[in-house]
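*Asks:* The structure that follows is given in the form of structure tokens.
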């Protein structure tokens, strides 16, 4: 993994770069976490649709939706990268 620092005005943008080999190792773990996040989204959606969701459960639904979206974006990006 490499740390990439690019100047951006008065601040620096910091990125983390992965090699193809590192990405190959991480993709299966990311897919597993995506499945877990999607399962949790469905769980909380079922509770919400049943009309029994508390504020805490609604917040958890939003958290899991964001996580699933982020993981999905990573997986979609890796499809465009030659592995």
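The values are calculated or read from the model by the stated rules, or taken from the named source; none is laboratory data. Remember, predicted model here, so these are calculated numbers, not experimental data. Backbone-built Cβ (ideal geometry, glycine too); neighbour counts: all protein chains shown.
*Asks:* Within the stretch 1-41, take every residue that is under 16 Å from the mean Cα position of the chain (by Cα) and surrounded by fewer than 10 Cβ atoms within 10 Å (Cβ to Cβ) and give me the one that is modelled with the lowest pLDDT.
*Replies:* So the residue we want is 16.
*Asks:* Right, here's the next one. Determine whether residue 77 is surrounded by 11 or more Cβ atoms within 10 Å (Cβ to Cβ) and either in a helix (DSSP H, G or I) or over 20 Å from the mean Cα position of the chain (by Cα) (or both).
*Replies:* Values: surrounded by 11 or more Cβ atoms within 10 Å (Cβ to Cβ): no; either in a helix (DSSP H, G or I) or over 20 Å from the mean Cα position of the chain (by Cα) (or both): yes.
Answer is no for this residue.
*Asks:* Which condition number does residue 6 fail, the rest of (1) without any contact (Cβ under 8 Å) to a residue 40 or more places away in the chain; (2) part of a helix (DSSP H, G or I) being met?
*Replies:* Single failed check for residue 6: (2).
*Asks:* Can you list residue pairs whose Cβ atoms sit under 9 Å apart, with the first residue in the stretch 62-83 being in contact (Cβ under 8 Å) with a residue 60 or more places away in the chain and the second being surrounded by 14 or more Cβ atoms within 10 Å (Cβ to Cβ) and in a helix (DSSP H, G or I)? Count only pairs 6 or more apart in sequence or on different chains.
*Replies:* That search, which allows pairs on different chains as well, returns 81/23; 83/23; 83/27.
*Asks:* I would also like to ask the following. Pick out the one residue from 71, 83 that is in a helix (DSSP H, G or I) and either in contact with a helix residue (DSSP H, G or I) (Cβ under 7 Å, 6 or more places away or on another chain) or at pLDDT below 90 (or both). Spell out how you get there, then give the answer.
*Replies:* Numbers: 83 fails: in a helix (DSSP H, G or I).
On inspection, the qualifying residue turns out to be 71.
*Asks:* Looking at residue 56, is it within 30 Å of residue 1 (Cα to Cα) and in a helix (DSSP H, G or I)? Lay out the reasoning, then the answer.
*Replies:* Working: within 30 Å of residue 1 (Cα to Cα): no; in a helix (DSSP H, G or I): yes.
So residue 56 does not fit the description; no.
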